[in-house]
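S.K.: Just dropping this structure here.
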Amino acid sequence: MMDYLKKNNIRVEQVQDFIPLPMTIAATMYYTERNFFTGEKIAVAKTYKERKQHRMMMQWWKKGR
């Protein structure tokens, strides 16, 4: 994602953490870390460290974050 954003000079100003709503497909996928339809394992950023890394990749142009 970071490469795509840099290549296209896209600068993301705000990033919102995903918080799944109960009783939704998104919540099921978040907690099970599985694709609801295929059962495939998916990557889910749950820890503060993982979310911070994702934010840094999306806001690549901001130094010191």
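S.K.: With a Förster radius of 35 Å, plug the Cβ-Cβ distance of ILE10 and THR32 into 1/(1 + (r/R0)^6) and report the FRET value to the nearest 0.05.
M.R.: 0.65
S.K.: Select one label from (1) 13.1; (2) 13.5; (3) 12.4: the one whose number is Kirkwood radius over Cα pairs in Å as derived from the coordinates shown.
M.R.: It is the value labelled (2).
S.K.: Near MET29, within a Cβ-to-Cβ distance under 13 Å, what is the net charge of the other residues, with Lys and Arg +1 and Asp and Glu -1?
M.R.: Cβ neighbours under 13 Å give a net charge of +1.
S.K.: Within the chain, how many Lys pairs that are eight or more residues apart, or on different chains, come under 15 Å at the alpha-carbon?
M.R.: Value for the chain: 4.
S.K.: Sort PHE37, PHE18 by Cβ crowding within 10 Å, fewest neighbours at the top.
M.R.: Arranged by neighbour count, lowest to highest, PHE37, PHE18 become PHE37, PHE18.
S.K.: Also, quick follow-up: Which cross-chain or sequence-distant (5 or more) residues have an amide H under 5 Å from the amide H of ASN35, H modelled 1.01 Å from N in plane?
M.R.: Distant-sequence amide H within range of ASN35: GLU40, LYS41, ILE42.
Laboratory data are not the source of any read-out in this text; all were calculated from the coordinates shown. Since this is a predicted model, take the numbers as computed values, not measurements. Glycine also receives a Cβ, built like all others from the backbone with ideal geometry; neighbour counts cover every protein chain displayed.
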